[in-house]
Amino acid sequence: MIDKLFPTTIIGSYPKPKWLNRVKDLYNENKVSKKVLKEAEDDASRLILNEHQRAGIDILNDGEMRREEMTEYFAEMIPGYEFHGPVRVWGNNYFNKPSVVEELKDPKPMLVDEFKFMKQIVGEESYIKIPITSPYTIAEWSFNEVYSREELIYRLSEIINRELKLLEDAGAKCVQIDEPALSTRPEDVEIIEEAMRIVTDGVNIDKIIMHACYGDFSTIYPEILEFDVDQFSLEFANNDYESLEIFSEYEFTKEIGYGCIDVHNQEIETVNQIKKDIKKGIEVFKPEKMWINPDCGVKLLPRDVAYKKLVNMTQATQELRKEMN
């Protein structure tokens, strides 16, 4: 992978250009074709990849320009799922919750074309990270009319394992399993661990990351160190780095994706502030095992704010490398 101190990456989502949102709306209203939508998504992918390169990001992604929601996106491609309309989740926010109505069949490749397109844009020497929603989260955010709860999780684990092998065959070197609520269900840690064992079985991708973006990790640490992943990508900025104390109690044997950009606050962290915050992490984690990234996806921020936050983050890592070398 990247042979440098403090490599930088994004988590996944990034603000979409307004014109892409407009094309998606027109497509949903049956006013433009699938071909027009794909052309718009391709253009947005090119634009955002270039934007991240200009910001100095090392491990790239196009900000999930083709995705709207992390469960719905994959459920739409897996035979056996159906949709019966939106479900209210909180306030006035709705989620098109999928239903398992028959035994799930293996889908066509879900992310391979997306990966190949990005690779073509950035070149063979650049590194791309592919986010994919975890089987546990997909299962928990689905209605289930067919399986027991654990059976569904493990069947989805098999499907995602197959997808990772297809990505590996296509040349992918880095994937990220998104498990947003990892620490909110401590009673399910063993189920998630077994699901990850299935997901990674026989997969030889260079870097497998698990991302979790909120919760109390004291309930599941150090147990998560047993997970078959290379790195945990976690938020620290949003809890004002208070959770660092949790990880200082036992040696952290994995790599850490160190969240040092608050994605819920439009205030742009200064370069000096980010450097100070990374140094807090160095007191707990080995510097050579730290990747630097935002806490979570930044899609809810204004695009200019998200970009400036990334620029300052990469500038902070560049200065720290010089200081530490």
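Output the pairs from 165/254; 4/286; 129/322 with a Cα-Cα distance over 24 Å in this structure; if there are none, say none. Table pairs above 24 Å Cα-Cα are 129/322. Each Lys and Arg contributes +1 and each Asp and Glu -1, all at the Cβ; summed about the Cα centre of the chain, the dipole is approximately 1540 debye. Estimated at 0.36 nm per residue, the fully extended path between residue 185 and residue 88 surpasses their Cα-Cα distance by 32.7 nm. Once label points are set 7 Å from the Cα along Cα→Cβ at both residue 149 and residue 319, what is their separation, rounded to one decimal in nm? Taking the simple label geometry, residue 149 and residue 319 are separated by 4.8 nm. Extension gain for the segment residue 300 to residue 272, taken as residue separation times 0.36 nm less the Cα-Cα distance, is 7.6 nm to one decimal. Cβ-Cβ distance of residue 33 and residue 311, R₀ of 45 Å, FRET efficiency by 1/(1 + (r/R0)^6): the value works out to about 0.75.
Taken one residue at a time, the phi angles of the stretch 170-176 give Karplus couplings (6.51, -1.76, 1.60, θ = phi - 60°) of 7, x, 5, 10, 8, 10, 10 Hz. Gly and Pro are set to x. Say R0 is 22 Å: what FRET efficiency, to the nearest 0.05, do residue 204 and residue 125 get from their beta-carbon distance? Step by step, r from the Cβ atoms, then E = 0.60.
Close amide H partners of residue 176, meaning residues 5 or more places away or on another chain with modelled amide H under 5 Å apart, are 130, 132, 209. Potential lengthening of the chain between residue 95 and residue 26 amounts to 22.9 nm, from the contour at 0.36 nm per residue minus the alpha-carbon distance.
Each residue in 282, 11, 220, 205 was given a count of other beta-carbon atoms within 10 angstrom of its own, and listing them fewest first yields 282, 205, 220, 11. Phi angles of the stretch 201-210 translate, via the Karplus equation with coefficients 6.51, -1.76, 1.60 and θ = phi - 60°, into HN-Hα couplings of 4, x, 8, 10, 5, 4, 9, 10, 10, 10 Hz per residue; Gly and Pro are given as x.
Would you mind classifying the chain by shape? Square roots of the alpha carbon gyration tensor eigenvalues, ordered a ≥ b ≥ c; an a/c under 1.5 is rounded, otherwise it is prolate if a/b is larger than b/c and oblate if not. Verdict is oblate for the chain.
Amide H to amide H distances under 5 Å link residue 60 with 127, 128, 129, where only residues 5 or more positions off or on other chains count and H is placed in the peptide plane. Shown here: the stretch 256-315, whose C-alpha atoms stretch 33, 21, 15 Å along the first, second and third principal axes, sorted largest to smallest. Each residue of the stretch 141-147 was assigned a 3J(HN,Hα) from its phi angle through the Karplus curve 6.51 cos²θ - 1.76 cosθ + 1.60 (θ = phi - 60°); the sequence is 9, 10, 6, 9, 9, 10, 9 Hz, with glycine and proline shown as x.
The numbers here are math on the coordinates, done by the rules we state, and not lab data. Everything numeric in this text was worked out from a predicted model, so none of it was measured. Cβ coordinates were reconstructed from backbone atoms using ideal geometry, including for glycine residues, and neighbour counts include every protein chain displayed.
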